Amino acid sequence: MRRPFEPDPGHAGEGTGMLQDFSPIRDIAHADVIGAGIAGTWQALALAKAGLDVTVYERDDAAMREAVSHVAGGMLAPWCEGEASEPVITRLGARSLELWREEFPDTPFNGSLVVAHPRDRADFDRFAKLTGGHRRLDAPAIANLEPALEGRFGDALFFPDEGHVEPRRVLPQLHERLAALGVAVRFETGHHANDDTRLTVDCRGLAARDSAPELRGVKGEMIVVETTEIALSRPVRLLHPRWPLYIIPRERNRFMIGATSIESEDRGVSVRSALELLSAAYAVHPAFGEARIVEIGAGLRPAFPDNLPRIDVEGRRIAVNGLYRHGFLLAPALAELTTAYVTRGAIDNQVMRCA
Ligand SMILES: Cc1cc2nc3c(=O)[nH]c(=O)nc-3n(C[C@H](O)[C@H](O)[C@H](O)COP(=O)(O)OP(=O)(O)OC[C@H]3O[C@@H](n4cnc5c(N)ncnc54)[C@H](O)[C@@H]3O)c2cc1C
């Protein structure tokens with residue numbers, strides 16, 4: 001079996017162009033990765049596994065509370081995301097699932113469930129048409145899969161191959177894995193690329209606007225609640241014309257309810273958003289009405305105008321950004337592409353741009 005991040009000429013798939021055996025920067029042995037969010041950690045992991053001597057610089061402390069990765073849901077849902085995304089997201093996301101499985105074999109891949117109330121049937125049918133990789137469940141099958149939802153919905157879409165990770169658990173695990181590979185992760189150490197002898201991979205998220213002014217922040221608000229009255233084994237998405245939401249089960253009887261998507265860079269959570277998120281959770285199951293609120297938060301997703309990720313190459317500087325609402329879903333596949341470029345000049349022309 002091919003190991004992760006080893007060259008795989010056949011892998012790039014549709015829409016890609018490969019330049020084999022040519023890398024303008026293959027003589028480089030050292031790499032600095034800026035940012036230890038989900039993009040930076042996977043980049044560092046892939047480059048270190050390919051044999052480079054890697055250092056990661058992160059201006060935040062190890063708790064990473066300033067990173068948008070800290071508030072993410074962590075859903076790995078390439079087929080559900082196909083409803084509102086370009087096919088490249090599903091293509092790269094599906095590859096990422098393989099890389100998550102290889103790196104973290106205990107990642108829960110229990111699938112995702114999509115439900116709607118009968119009055120929102122049109123949204124449900126539309127979602128089913130726009131997405132693949134699912135099968136329809138009737139009420140008994142829903143109860144069999146998620147006993148807590150017995151009697152609540154007549155139909156559901158089940159995406160069996162999707163998974164989810166808990167960002168606040170998996171980020172420290174990735175940092176530990178880097179340390180085990182000999183990668184120095186320097187927290188509380190800001191970095192600005194200035195050394196031309198080293199490869200620099202810029203994964204600063206929204207902070208990279210000094211070099212990518214078209215980046216914008218798209219606010220996502222979320223609420224974490226705790227209750228022992230309901231248990232779920234997988235993310236559940238509720239389709240709704242005004243407030244579609246998802247509920248992700250966490251450890252210790254906690255659930256993350258997310259997420260809004262608002263064109264604003266204000267980091268506060270509005271009363272309206274809180275009402276909508278909590279109402280939608282209550283609509284999935286009334287037991288959420290008695291849950292204890294543990295946290296209310298928001299993050300700014302780094303996005304380019306087309307909401308697609310980019311790997312921008314300029315000499316020995318590579319910028320990986322615009323992961324928008326797909327950072328956990330896409331980071332492994334993007335890291336693999338960067339590494340394929342660094343080690344052998346392979347170019348995926350759907351996401352890479354070379355100056
Ligand atoms: C509410 C919410 C829910 C989400 N749910 C999901 C989901 O379910 N699945 C999914 O795939 N995605 C999800 N996302 C999107 C995901 O969170 C982002 O796409 C992803 O976290 C972006 O990661 P990043 O590494 O690019 O940025 P960040 O996580 O922000 O990391 C960038 C890091 O760079 C550091 N930095 C900046 N400047 C410097 C410097 N000069 N020197 C050193 N360090 C620097 C910052 O401190 C930061 O830690 C969600 C987002 C939100 C807001």
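Residues considered: Gly190, Gly217. Of these, the only one that is within 11 Å of the ligand (Cβ to nearest atom), touching a Leu at 6+ places or on another chain (Cβ under 8 Å) and closer than 26 Å to Val170 by Cβ is Gly217.
With respect to the conditions (1) modelled with pLDDT under 95; (2) within 28 Å of Glu295 (Cα to Cα), Ala12 falls short on a single one, namely (2).
Counting the residues of the range 160-176 that are over 18 Å from Met256 (Cβ atoms) and buried (at least 18 other Cβ atoms within 10 Å of the Cβ) gives 2. Against the definition (surrounded by fewer than 18 Cβ atoms within 10 Å (Cβ to Cβ), over 24 Å from Ala184 (Cα atoms) and free of Cβ contacts under 8 Å to residues at least 12 places away in the same chain), how does Arg121 come out, yes or no? Answer is yes for this residue.
Figure legend. Inter-residue proximity from the range 154-183: first residues closer than 20 Å to Ile34 by Cβ, second residues in a helix (DSSP H, G or I) and open to solvent by 60 Å² or more (accessible area, probe 1.4 Å), beta-carbon distance below 9 Å, spacing 6+ or different chains. Indicated pairs: Leu181/Lys49; Val183/Arg177.
Let's see how each residue does on (1) more than 13 Å from the chain's Cα centre (by Cα); (2) buried (at least 21 other Cβ atoms within 10 Å of the Cβ); (3) within 23 Å of Asn349 (Cα to Cα):
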site: Tyr57; (1), (2), (3): yes, yes, no
site: Val68; (1), (2), (3): no, yes, no
site: Gly73; (1), (2), (3): no, yes, no
site: Ser96; (1), (2), (3): no, yes, yes
site: Asn110; (1), (2), (3): yes, no, no
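Residues that are open to solvent by 20 Å² or more (accessible area, probe 1.4 Å) and of a type in the set (D, E, K, R) within the range 124-159 comprise Asp125, Arg126, Lys129, Arg135, Arg136, Asp138, Glu150, Arg152, Asp155, listed in sequence order. Scan the range 239-250 residue by residue and report those that are under 20 Å from Val71 (Cα atoms) and aliphatic (A, V, I, L, M). Matches in the range 239-250: Leu245, Ile247, Ile248.
Within the range 75-94, being among the charged types (D, E, K, R) and either surrounded by fewer than 18 Cβ atoms within 10 Å (Cβ to Cβ) or more than 11 Å from the ligand (Cβ to nearest atom) (or both) holds for Glu83, Glu86, Arg91.
Condition check ((1) of a type in the set (Lys, Arg); (2) more than 24 Å from the chain's Cα centre (by Cα); (3) outside any loop (DSSP other than H, G, I, E, B)) across all residues:
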| residue | (1), (2), (3) |
| --- | --- |
| Ala148 | no, yes, yes |
| Phe153 | no, yes, no |
| Ala156 | no, no, yes |
| Arg169 | yes, no, yes |
| Pro172 | no, no, yes |
| His175 | no, no, yes |
| Leu178 | no, no, yes |
| His192 | no, yes, no |
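The set of residues in the range 28-54 being touching a strand residue (DSSP E or B) at 6+ places or on another chain (Cβ under 6 Å) and charged (D, E, K, R) consists of Asp32, Asp53. For the range 238-247, the set of residues classified as assigned to a loop (DSSP other than H, G, I, E, B) and open to solvent by less than 60 Å² (accessible area, probe 1.4 Å) consists of His240, Trp243, listed by residue number.
The values are calculated or read from the model by the stated rules, or taken from the named source; none is laboratory data. Because the structure is predicted, anything quoted here is derived from the model rather than measured. Cβ sites come from the backbone with ideal geometry, for glycine too, and all protein chains shown count toward neighbours. Ligands, DNA and RNA are stripped out before the accessible areas are found, and what is left, the full protein with its side chains, is counted by its heavy atoms. Shrake-Rupley method; radii C 1.70, N 1.55, O 1.52, S 1.80 Å.
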